[in-house]
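Shown next, in structure tokens, is the structure this report addresses.
The values are calculated or read from the model by the stated rules, or taken from the named source; none is laboratory data. For clarity, every value in this text was computed on a predicted model and none was experimentally measured. All Cβ positions, even for glycine, are placed from backbone atoms using ideal geometry, and neighbour counts span all protein chains on display. The protein model used for the area step is the full one, side chains on, heavy atoms only, and it has no ligands, DNA or RNA in it. Shrake-Rupley method; radii C 1.70, N 1.55, O 1.52, S 1.80 Å.
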Amino acid sequence: MKKTLLTTLGAAALAVSGAANAHFQLAYTPDVLLEKPTEMNMKLVFGHPMENGHVMDMDKPEQFFVQFKDKRIDLMSKLKQISWEGPENTAKAYQADYKVKRNGDYVFAVVPAPYYEKGEDIYIQQITKSYVNKGGLPTGWEQPLGLPTEIVPLNKPYQVFAGGTFSGQVLSEGKPAAGVECEIEYINTDIDMKGNAFGKTTHREAPETAIVAITDQDGEFTFGIPKAGVWGFACLGSGPATEHKGKELSQDAVIWVNATEL
Ligand SMILES: [Cu+2]
């Protein structure tokens, strides 16, 4: 009897924590404002960064590249499969090394393979962008990349301030996507770049339910960034593809921005 009750409570707690926390495709590198030529390392991990929950297996991405000025550099050949350790489980993830030499904006983009989410019987594909700058010279962070769906930053994404705001415009096939729900999280744990692992704990208790913004008629949203950290925005189902292998596909747009104290 006691055991049954505990099991039921445990299942309920899992269901609640699962509902409050969103999937986020990470494209993470620790230093986004570079001064010198740097051999940087980027991790591609699919997880739940605010709750620091379970991590999910990634298949080889469909696309991975970096945009530098008008040059698009394919990074697929640089991808290496790794095993990423979350606090509860381990999952297949990817990493890549990339040498940043010239001053300017480096926009990294990953189009993951659709991920099958058993719990919802749907596929999820989170098309994700993150930004690195060298030398303080802006060279096109505000430009869209022409992805099926993407979030175009309206503030410099590698230099947002805690207590300030971040705005983005969600595009689907290049056109503003209105009325899209965007979930907002931050990386709420340590990241061990050498050990390919999240920390065992969270920095703060995660909010009770998802933080959400809805895009307006121009596809735009604004969010006040309360704390320094790495913040992610996942605008759900904003992409044109709605089906994969006969099942529903949520083709989402994700962007990562770095907020610091002023
Ligand atoms: Cu999940």
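Some notes on this structure:
- Share of carbon and sulfur in the accessible area of the chain stands at 51%, probe radius 1.4 Å.
- For the chain, size of Cβ-based charge dipole, Lys and Arg +1, Asp and Glu -1, in debye: 880 debye
- Residues of the range 89-103 with amide N under 17 Å of a point placed 7 Å along Cα→Cβ from LYS200: 89-90
- Length added when fully stretched, LEU145-LYS71, from 0.36 nm per residue minus Cα-Cα: 25.5 nm
- Judged by the ratio a/c of the largest to the smallest principal axis of the C-alpha gyration tensor, the range 106-236 counts as rounded, that ratio being less than 1.5.
- Positive-end extreme of charge dipole, the chain - chosen from MET50, PRO112, PHE166 (charges on Cβ): PRO112
- Shape of the range 10-140, Cα gyration tensor, a/c cut at 1.5: prolate
- Annotation for ASP218 and TYR116: the two label points, set 7 Å from Cα along the Cα-Cβ direction, are 4.3 nm apart.
- What the Cβ-Cβ distance of THR260 and LYS78 gives, at R0 = 25 Å and to the nearest 0.05, is a FRET efficiency of 0.35.
- Length gained on full extension, LEU154 to THR242, computed as 0.36 nm times the residue gap minus the Cα-Cα distance: 29.0 nm.
- The range 2-260, relative contact order in percent, only Cα pairs under 8 angstrom and at least six apart counted: 20 percent
- The angle separating the long axis of helix 2-20 from the principal Cα axis of greatest extent in the chain is about 20 degrees.
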